[in-house]
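Below is one structure, written out as C-alpha cells; the observations come after it.
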Amino acid sequence: MVNEVKMIAFGPVPSRRLGRSLGINNIPPKICTYSCIYCQLGRTPNMRVTREAFYKPEEVLQEVEKKVKEAKERREPIDYLTFVPDGEPTLDINLGKEIELLKSLGIKIAVITNASLIWKEDVRDDLSKADWVSLKIDALNNDLWRKINRAHGSLKLGKILEGISEFAHIFNSELATETMLVQDINDHAEELEKIADFIARPKPKKSYISIPTRPPAEKWVEPATEHTINIAYQLFSEKSIDVEYLIGYEGNAFAFTGNVEEDLLSITSVHPMREEGANEFLTKAKADWGIIEKLINEDKLIEVKYKNKKFYIRKLLDNKKRVRK
Ligand code: SF4
C-alpha cells in the first residue's frame, strides 16, 4: 500500500500534447474497462465497469502537492496535472472531487480516458470539470471495437458514441481525441473514413493519430505503416479535423532550430509534408532537394503517395526493434 501511495503522482515529464505534465495515477495497476491488444501494460487482469473509490481525494491532493512543491524547488515548470493512470481514470468514483481539490494548485488539469464510461452522466459531469480531456476513438465498427479494445462484455459501443457526442456538447474546455492505428485491424480506409466522419462532428480542438510504439499486450500487434498513417491524416484533414500524429517522437515539432535536416525530421514526425511544402521549406532555408534524398537514403524519411500527390513523412523506427523489445 505504501508503494501504491507513492505512485499516485509522478513527473513532471515532457509531453508533446501537454507541455510539461505531472502525471496522476488514480487507479491501482491495472484496472480497466478495456484490455486493448496494444496496451503497453499488458492484458487487463482486473476488468471492471463499476466506479469505485481507490484512494482518498485528500490523499491524491497531498501527493500531487508534494510533487508540485518539489518541482518548484527545482524550478521545473508544470503545464498540466494529468490523470493518466495504469488503467481507466473514470473508474475512480472520486475523480470529480479530486479535480475540484487539485484546482486549488492553480495548474490546468487534463484527463486521458478511453471514454468507455462516458455514457454515464456522473462520468460526463466529472470530466467536464477538467481543462483538457482526451477521448479514445479506435473504431466505429462494433466487431473491430471488440477486436482492438476487447471491451468488458457489458459495454455497448453505440452508447459510448452517444455519450461522446453529449459530452462534446456540454464541455467548454479543450477536447482532444486519440485514435490508435493497428496494422490490418482498424487501419483500412473504410473504417478510417467512418472514424473521421464521427470525429468531425464533435469538432475536437485536436485529433491525434497514434501507433503502438512500446511492447504491446499481444505480440502479434504491428503498428500501421507510414502509408496508412498518411491516408488517415489526409482523410481526417479532408473533414476539416485539426489532426496530428503521435508516432513516438516527442521532440519539439514546431521549433525551427536552423538545422534543415533536424527541422525536416521534426515537422514530418507530426504532419506529412507535401512536395510543394517541402520545396518551399527548402527555398526558405536556402537548401536543395538533395537533403530530402539524403534523408530518404538514410532511411529517416519516406515518400508516400495519396491521390497522385507526393508526401514526405518521418520513417517510423524499425517496428520490430521498437515493439518487440
Ligand atoms: S484503455 Fe488504456 S489502460 Fe485500458 S487496456 Fe486500453 S490502453 Fe490499456
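The values are calculated or read from the model by the stated rules, or taken from the named source; none is laboratory data. On a predicted model such as this, the values are computed, not experimentally measured, just so you know. Every residue, glycine among them, receives a Cβ derived from its backbone with ideal geometry; neighbour counts consider all protein chains shown. The protein model used for the area step is the full one, side chains on, heavy atoms only, and it has no ligands, DNA or RNA in it. Shrake-Rupley method; radii C 1.70, N 1.55, O 1.52, S 1.80 Å.
All of Arg16, Arg51 fail the test of being at pLDDT 90 or above and away from the ligand (no atom under 11 Å from the Cβ), apart from Arg51. Going by the conditions given, is Pro89 surrounded by fewer than 20 Cβ atoms within 10 Å (Cβ to Cβ), within 16 Å of the ligand (Cβ to nearest atom), within 30 Å of Trp145 (Cα to Cα) and within 24 Å of the chain's Cα centre (by Cα)? Considered against the rule, which asks whether it is surrounded by fewer than 20 Cβ atoms within 10 Å (Cβ to Cβ), within 16 Å of the ligand (Cβ to nearest atom), within 30 Å of Trp145 (Cα to Cα) and within 24 Å of the chain's Cα centre (by Cα), Pro89 comes out as no.
Gly23 fulfils the conditions (1) at pLDDT 95 or above; (2) part of a strand (DSSP E or B) except for a single criterion, (1). Looking across the stretch 271-292, the residues that are free of Cβ contacts under 8 Å to residues at least 12 places away in the same chain, surrounded by 12 or more Cβ atoms within 10 Å (Cβ to Cβ) and part of a helix (DSSP H, G or I) come down to Gly277, Asn279, Glu280. Of all residue pairs spaced 6 or more apart or on separate chains, those with beta-carbon atoms under 8 Å, a first member in the stretch 227-246 that is on the phi > 0 side of the Ramachandran plot and a second member that is part of a helix (DSSP H, G or I) and of a type in the set (Gly, Ala, Ser) are Ser240/Ala200. Within the stretch 218-244, if we keep just the residues that are outside any helix (DSSP H, G or I) and open to solvent by less than 20 Å² (accessible area, probe 1.4 Å), the residue that is nearest to Ser15 (Cα to Cα) turns out to be Glu244. Residues in the stretch 24-47: is at least one away from the ligand (no atom under 16 Å from the Cβ) and among the aliphatic types (A, V, I, L, M)? No.
For the stretch 186-225, the tally of residues that are touching a residue at least 60 places away in the same chain (Cβ under 8 Å), in contact with a helix residue (DSSP H, G or I) (Cβ under 8 Å, 6 or more places away or on another chain) and over 21 Å from Ala168 (Cα atoms) stands at 9. In the set Glu166, Glu190, only one residue is more than 16 Å from the ligand (Cβ to nearest atom), farther than 30 Å from Arg314 by Cα, out of contact with any strand residue (DSSP E or B) (no Cβ under 7 Å at 6 or more places or on another chain) and acidic (Asp, Glu); that residue is Glu166. Can you tell me how many residues within the stretch 120-149 are closer than 21 Å to Ser21 by Cβ, within 16 Å of the ligand (Cβ to nearest atom) and charged (D, E, K, R)? Summing the residues that are closer than 21 Å to Ser21 by Cβ, within 16 Å of the ligand (Cβ to nearest atom) and charged (D, E, K, R) in the stretch 120-149 gives 1. Restricting to the stretch 199-217, name every residue that is open to solvent by less than 10 Å² (accessible area, probe 1.4 Å) and not aliphatic (A, V, I, L, M). Those that are open to solvent by less than 10 Å² (accessible area, probe 1.4 Å) and not aliphatic (A, V, I, L, M): Ser207, Ser210, Pro212.
Every listed requirement among (1) touching a helix residue (DSSP H, G or I) at 6+ places or on another chain (Cβ under 8 Å); (2) open to solvent by less than 10 Å² (accessible area, probe 1.4 Å); (3) within 15 Å of the ligand (Cβ to nearest atom); (4) closer than 22 Å to Trp132 by Cβ is met by Val60 save one, (3). Checking each residue in the stretch 169-194 for being under 20 Å from Leu246 (Cβ atoms) and outside any loop (DSSP other than H, G, I, E, B) picks out Glu174, Leu175, Ala176, Thr177, Glu178, Thr179, Met180, Val182, Glu191, Leu192. In summary, His152 fulfils each of the numbered conditions (1) touching a residue at least 60 places away in the same chain (Cβ under 8 Å); (2) crowded, with 19+ Cβ neighbours inside 10 Å; (3) within 15 Å of the ligand (Cβ to nearest atom) with the single exception of condition (2).
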